[in-house]
Amino acid sequence: MYTTRATRTRARDLFLVANTTDELGGVTAWTHQMARLFQTAGHRVHVIGVHESDLKMAVPETPGYPVTALYEQHPPTPRPLRGTRRFSVPARRRETRRVAAMRRAVERLDALLRPAPPGSVLVVTQVWPMEWLREIDLSHLTVIGMSHESFAYSRACHRYHWVKRHYPHVDRWLALTQEDADVWTAEGLNNVGFMPNALAHLPTIPSPRTDKVVCSIGRLADQKGVDMLLDTWAKVAPFRADWQLHVYGAGADEPQLRKQCAELGLDGSVRWLGRTDDVPGALAASSVFVQSSRGEGFPLALMEAMASAVPCAAFDCAPGVREIVRDGEDGLLAPPGDLDALADRLLRLTGNPRMRDAMGERARINVQRFSQERVLEMWEDLFALLER
Amino acid sequence: MTRRSAAELFDVSVVVDCPEGTDPDRLRATVRSVLDQTLSGAEAALTGDGVGDTGAVLAADHPHRVRVGAPRGTYVLSLAPGELLERNACRNLFAAARRTGADLVAGRWTRLTGSGSKERAPEWQAALFARSRIVTDLAEAPELVTRGGPGAGYCVRRAWADGVVGPGTAGAADGAAGSGLLLALAARRIALVPNLITTRRAAPDPLHGLPAAADAQRQALALLDDPALRAGLARAFLTDHVLPCVRAFLTLGRDRRARLADEYGTFLAGLVPDDALGTLAPLERVAVCLLAAGDADGVHTAAYALEHPDTVVTPLVRRDDRVRWSDDRVGDPYDVTELGHQNRPLNGLRLLNRVTRCAREDGRLVVEGAVVVPFGLLDGDRTAVLTASLDFTVRDSGDRTVTVPVDDVRPTATGIAWRAVVPLTGALRPHGIGDRVWDPRLLLGIDGERLPPLDLFAEKDIVPAEATALPARPRLTRLAADTWQPYVTARHHLAVCLLPRRGPARKVNALVGYATNFRPARKLKQVRKKLRRTYEALHAQRVKVRVYRRVLRRLPVSRGTVVFESHMGKCYGDSPRAIHEELIARRRGARVVWSYAQDPTGFPRDATLVRRWSWRYLWALARAEWWVDNQGFPHALDKPKHTTYLQTWHGSAYKRMGFDEVRHKTQNAPQRDRLARAVGRFDHFLVRSEHDVTTLAHAYRIPEERLMRVGYPRNDRLVAARARDEREGRFPRPALAAGLGIPDHRTVVLYAPTFRGTPKNRKVRLQLDVREFAERFGDTHVLLVRAHYMEAASLPVTPPGTVVDVSAHHDVSELLCLADVLVTDYSSIMFDYALLDRPIVHYAPDLDAYAAERGSYFDLRARAGGPVVETQDELHRTLAGLKEADDGWQEARRAFAAAFGTYDDGGAARAVVDALFTRKAGK
């Protein structure tokens, strides 16, 4: 097997279009990470968001590239004038205002994109902005769409229909894994490729894996399944009295989860440590990482744990998870929702220091296939392919 | 930048091989699809004698992307004129080739169907191209070879392919050179992608394509060594080429099929190996053998049987306990015992009824026919009494029938011959609208026993249109139509239709056609359609739920009304039925409503019956004082404040249920909340033992005060039956035994497997081989088969009285009382049956896999009240030696019954009615 390498990268104009410019969340973080990466590779980057967000994310330094938001707040959602609403004057007014604002936004977008030289690339990181982009002539640009979630997750909500409506019109669009891309292809979309997320950085010192701590990092929201983690830990704790479970993260479900923890009688072995900005530090103090999510895309948390040489036990809830963790080689996977299986994986990892060390070391090496350099290379290959 | 060599100029060359006489339009369409490729480095290379002027013009118009001559690209893809490339095809193939370094990259293709308007992919592609993968060993993707190569939709690395098949031939037409197969065999690495590559391939012509396919098959066999691949190739040839050819024989006239059969018999020599034949279904095997033997009429008849598998098409004969095709076809390939015709009673035998003559005589239609008689049914000592008549039924309405006598019916050497003279003009008096097509069927009686109505199988050349037309006299006068025209339908049966042939009728028909199709009429149709849609939308489930929530639920209570439902309305049985009966007996004047899913037959007459999800159902639920059911009323319907909900539940749990199920754990919060809300409606929940408390009540989070420890009312009958057994013995059997035709001396075995979640439109494949059971135990046992109430099973035909399908029987506890042995896997029925203290056998070939997948609450092997067997042989042995072995199981069985049915004391229904439905209970 051989992979091609772009012998020479050409500087391009790159436009990254996302839902928002500054929302606290995975895709925006990815957008800025890639923007910085593309810029260091010599490309001219412009980040465009549909709107500015209320919940701002902490941007460490001012970006070295232009960032534009088309709206100041979330634009109104179109609602068809049907039934009695057809005769409502305020509703008609709102609709007129919405259409006018949309036209202004489209003109603004057009003014940004029109001067772009041939060979420029437009990366649409989420499907929603396509509503505006479809109004513009994009024939001089190469348009790449993206979907930052697993097929199953899209399928369960409106984005499945949006993808099917908008993405047949782009030059190529990218799912997170080959497996997701294959499912989309079977759905009749023939311009699907895949692109993994990049691991931001590799901590210089891996975790020594000496503390008897199992660590979980993630929002305390239903999707992350911390309730299932507590139920699982209740099965593990009696056998591992000297081990602690450290739960990092904050969220709306916290009181409920703490109550559940108390009811299960786990207060002695579970510590709630809140949100952390020092993820490598948290990982350095733990020996096993556990993820009990109900749904995921291409989870960064798993990659970070592996980069710190901490072996993972996780629910196999998305193709992205199986792509990152090779079951039995650099981590252990359990069927989604099967608490007994996850407890078994945790018992194996906590009970066998040699396996833990071997898997942790392999994980640190293996996860580097998603390093920024590799992923950047894949992007350059993609640009080259689309130019052929 | 370095100068690119010629080879690197193009990434993919699409070779369009044009044979002599290529249609210019088709060539242009193909080249256009290449020019429209998203990969701009794709060129079209036109080769062959048929390129002609069109090719030259195309090359001149697009000098950089179309050329006449050999391909130059890194990868080569072949395309026939008329076939089209999907827009992203070249890019997808090229990307996969670069990513994997494969020699050959293949993807999906579709071809036109027979009608020429639709496209479809052959079925074997689904598994082959399910996901992207790299194949280094052909055993992982045998379809690439067994279908004679990838066929289309694949590209190869040119530099490598030239070395395999010789320069320039890599892109040549696949069928002629067989190069696809050669390349697939030679490739070190093959990449498979799920993308669609080629579309609009020509529809296969099974009838005339067989010689070419046979040649290709011989070449392919010469190339292959691997025995598994050779077997696959042989079988694929039969299913892809020979069987479609056989089916096509049905449309051929007598002369042509004789000629073709003669010719194809020789072509097939050596291509029909016995082991490949063995993998086919019996009818298919017979059909292939007949074609290989060159028997034209035999193939024709077998083709009819393939379309109508229930029909007996030849005089079947018995030879040493086996059933053979006919007197002169008795070899092993002609063994059709599996079809089960020998087990059908006379009134279930569909016999082939072939029209031998159809003509007009003296203003009447004369139809003559011959009926096939199998197993020498008429060969007895005395001559059978034959009766026959001909029924004409209106197509698509079915209720109007005209019976015409059959003049002459007599046995012949090969079957039964009949002759009818039909005065079409006088006998059939149609209205003229809505009854234009009539289907005749023969009603045949042998010694007073009626056979099912037999269709009239006719060939086109037996029914000459002009020589059979007769005048018609519709009630709407001859302006509606004036001619009866016999014809052969698409399913090869004789039918008569009304036609306007003469001037006045044709004019009137044209006028009517205009009146129903001109613009205002079309508009009217649209308006009607729209109204219909609005009406349907108003009765959609969504609207019903909203009306229920906002209006119905607030209506005042109707005192004393109880709504019963069992298994979502599928049956009248289970605990709700037991409570219903107790309630009716105890409290006259209780207003009882039963809900049914589809069909109200079998439900009690004295109750009000409402269809599930109908408006009346919602009305009844909204006003009822009590809800009683065993599974759950629709989750979307909240319980009104004034209602008490008694959940009887439908069985103790072996597999994990409710929030213990993995399925519910992975659902998102709103979905789990919905379940919690549905379960929160239960006011009372019946349990049979502490096992239920720790499993079901825990899994559904039902608080202690809502549990009723009284046992299941449905099991009262079982407890009573056991008491009777001990008092009086098992015989005489309950009345149901006589109803099912079970004699006293046979052992009754009830087979009741559990729910496996089969898709709705499919039937369950039983794990027990019913036919084998009937062969082994047919004389001593009766097998009652009960599929789960959510599913339906299809049973093979077995000798009468050996296997009875009781899936439709409403009350399963009646069946339990009847059974002497229960065979089940891990259905909750085992907990109930244990109360009878009769033998149980667990037949669970997939116990470990099931327990691992669904999760279980206890180890069945350790606690079962009967043997747990995993193979059919073991089951047969256990059943044969049941009496001897049973003593050893009695203790375990009683412990099992005591543990899981602690509260089942025979008074559950009484206790429930006492607690809830009496004045004392405060209601």
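Counting only helices (runs of 4 or more DSSP H) that sit completely within the stretch B:512-596, those holding 1 or more residues that are closer than 25 Å to B:L686 by Cβ and in contact with a Ser or Thr (Cβ under 7 Å, 6 or more places away or on another chain) correspond to B:574-586. Contact map, the stretch B:188-201: residues that are within 12 Å of another protein chain (Cβ to nearest Cβ) and surrounded by fewer than 20 Cβ atoms within 10 Å (Cβ to Cβ) paired with residues that are assigned to a strand (DSSP E or B) and of a type in the set (A, V, I, L, M, F, W, C), Cβ distance under 9 Å, separation 6+ or inter-chain. Pairs shown: B:R189/B:L104; B:R189/B:I134; B:R189/B:V135. Please go through the stretch B:92-111 and pick out each residue that is touching a strand residue (DSSP E or B) at 6+ places or on another chain (Cβ under 9 Å) and more than 16 Å from B:T199 (Cα to Cα). Passing the criteria: B:F94, B:A95, B:A96, B:A97, B:R99, B:T100, B:G101, B:A102, B:D103, B:L104, B:V105. Of everything in the stretch A:192-214 that is within 14 Å of chain B (Cβ to nearest Cβ) and not in a loop (DSSP other than H, G, I, E, B), the residue that is surrounded by the most Cβ atoms within 10 Å (Cβ to Cβ) is A:V192. A search for C-beta distances below 6 Å between a residue of the stretch B:858-878 that is in a loop (DSSP other than H, G, I, E, B) and any residue that is of a type in the set (V, I, T), counting only pairs 6+ apart in sequence or on different chains, returns B:G865/B:I840; B:G866/B:I840; B:G866/B:V841; B:P867/B:V841; B:P867/B:T878. In the set B:Y826, B:Y850, only one residue is within 32 Å of the chain's Cα centre (by Cα), closer than 22 Å to B:E661 by Cα, part of a loop (DSSP other than H, G, I, E, B) and at pLDDT below 90; that residue is B:Y826. Restricting attention to the stretch A:148-191, the residues that are within 13 Å of chain B (Cβ to nearest Cβ), assigned to a helix (DSSP H, G or I) and within 27 Å of A:E387 (Cα to Cα) total 12.
Looking across the stretch B:865-896, the residues that are in contact with a Pro (Cβ under 6 Å, 6 or more places away or on another chain) and over 14 Å from B:R838 (Cα atoms) come down to B:E870, B:T878. Considering the stretch B:460-502, the residues that are of a type in the set (A, V, I, L, M, F, W, C) and in a loop (DSSP other than H, G, I, E, B) include one that is surrounded by the fewest Cβ atoms within 10 Å (Cβ to Cβ), namely B:A490.
Contact map, the stretch A:12-30: residues that are over 19 Å from A:M195 (Cβ atoms) paired with residues that are in a strand (DSSP E or B) and modelled with pLDDT under 85, Cβ distance under 9 Å, separation 6+ or inter-chain. Pairs shown: A:D22/A:K56; A:E23/A:K56; A:L24/A:K56. Just one of the numbered conditions (1) over 24 Å from A:G351 (Cα atoms); (2) out of contact with any Asp or Glu (no Cβ under 8 Å at 6 or more places or on another chain); (3) in contact (Cβ under 8 Å) with a residue 40 or more places away in the chain; (4) not aromatic (F, W, Y) is not true of A:V279: (2).
For the stretch B:369-388, the count of residues that are within 29 Å of the chain's Cα centre (by Cα) and in contact (Cβ under 8 Å) with a residue 12 or more places away in the chain is at least one. Kindly establish whether B:R111 is of a type in the set (D, E, K, R), surrounded by 17 or more Cβ atoms within 10 Å (Cβ to Cβ) and away from chain A (no Cβ under 14 Å). So B:R111 passes the test. A:S293: over 30 Å from B:R854 (Cβ atoms), among the hydroxyl-bearing types (S, T, Y) and either touching a residue at least 24 places away in the same chain (Cβ under 8 Å) or more than 14 Å from every other protein chain (Cβ to nearest Cβ) (or both), yes or no? The answer is no for A:S293. Going residue by residue through the stretch B:713-727, is there one that turns out to be crowded, with 18+ Cβ neighbours inside 10 Å and in a loop (DSSP other than H, G, I, E, B)? Checked against the condition, which is being crowded, with 18+ Cβ neighbours inside 10 Å and in a loop (DSSP other than H, G, I, E, B), the stretch B:713-727 yields no hits at all. One residue stands out in the stretch A:334-384 among those that are within 14 Å of chain B (Cβ to nearest Cβ) and not in a helix (DSSP H, G or I): the one that is modelled with the highest pLDDT, namely A:A334. Within the stretch B:520-557, the only residue that satisfies the criterion of being within 19 Å of B:R612 (Cα to Cα) and of a type in the set (S, T, N, Q) is B:Q541. Considering the stretch B:65-87, the residues that are buried (at least 23 other Cβ atoms within 10 Å of the Cβ) and within 14 Å of chain A (Cβ to nearest Cβ) include one that is nearest to A:G188 (Cα to Cα), namely B:E86. Just one of the listed residues (A:E263, A:E254) is farther than 26 Å from A:A152 by Cβ, modelled with pLDDT of 90 or more and within 14 Å of another protein chain (Cβ to nearest Cβ), namely A:E263.
Would you call B:I433 more than 21 Å from B:R491 (Cα to Cα), surrounded by fewer than 16 Cβ atoms within 10 Å (Cβ to Cβ) and hydrophobic (A, V, I, L, M, F, W, C)? Yes, satisfied.
Test B:H691 against the criterion of being part of a helix (DSSP H, G or I), surrounded by 15 or more Cβ atoms within 10 Å (Cβ to Cβ) and touching a residue at least 40 places away in the same chain (Cβ under 8 Å), and give yes or no. Working first, answer last.
Numbers: part of a helix (DSSP H, G or I): yes; surrounded by 15 or more Cβ atoms within 10 Å (Cβ to Cβ): yes; touching a residue at least 40 places away in the same chain (Cβ under 8 Å): yes.
Spelling it out, B:H691 is indeed part of a helix (DSSP H, G or I), surrounded by 15 or more Cβ atoms within 10 Å (Cβ to Cβ) and touching a residue at least 40 places away in the same chain (Cβ under 8 Å).
Every residue, every condition in (1) part of a loop (DSSP other than H, G, I, E, B); (2) touching a helix residue (DSSP H, G or I) at 6+ places or on another chain (Cβ under 8 Å); (3) farther than 13 Å from B:I446 by Cα, yes or no:
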| site | (1), (2), (3) |
| --- | --- |
| B:T387 | no, no, no |
| B:T393 | no, no, yes |
| B:S397 | yes, no, yes |
| B:T403 | no, no, yes |
| B:R410 | no, no, no |
| B:A413 | yes, no, yes |
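If you go through the stretch B:694-711 and keep only what is surrounded by fewer than 17 Cβ atoms within 10 Å (Cβ to Cβ), in a loop (DSSP other than H, G, I, E, B) and not basic (K, R), you end up with just B:P703.
Restricting to the stretch B:26-48, and then to whatever is within 42 Å of the chain's Cα centre (by Cα), buried (at least 20 other Cβ atoms within 10 Å of the Cβ) and within 14 Å of another protein chain (Cβ to nearest Cβ), can you tell me which residue is farthest from B:R91 (Cα to Cα)? Step by step, filter the stretch B:26-48, then rank; the result is B:S33. If you go through the stretch B:121-145 and keep only what is more than 14 Å from every other protein chain (Cβ to nearest Cβ), not aliphatic (A, V, I, L, M) and not in a loop (DSSP other than H, G, I, E, B), you end up with B:E140, B:E143. Does the stretch B:49-64 contain any residue that is within 13 Å of chain A (Cβ to nearest Cβ) and either of a type in the set (V, I, T) or assigned to a loop (DSSP other than H, G, I, E, B) (or both)? No, the stretch B:49-64 contains no residue that is within 13 Å of chain A (Cβ to nearest Cβ) and either of a type in the set (V, I, T) or assigned to a loop (DSSP other than H, G, I, E, B) (or both). In the set (1) within 14 Å of chain B (Cβ to nearest Cβ); (2) closer than 25 Å to B:N668 by Cα, A:I217 fails one condition alone, (1). Condition test on A:D137, is it closer than 30 Å to A:A307 by Cβ and either part of a loop (DSSP other than H, G, I, E, B) or within 13 Å of chain B (Cβ to nearest Cβ) (or both)? The answer is no for A:D137.
The values are calculated or read from the model by the stated rules, or taken from the named source; none is laboratory data. Remember, predicted model here, so these are calculated numbers, not experimental data. Positions of Cβ are generated from backbone atoms using ideal geometry, with glycine treated the same way; all protein chains shown enter the neighbour counts.
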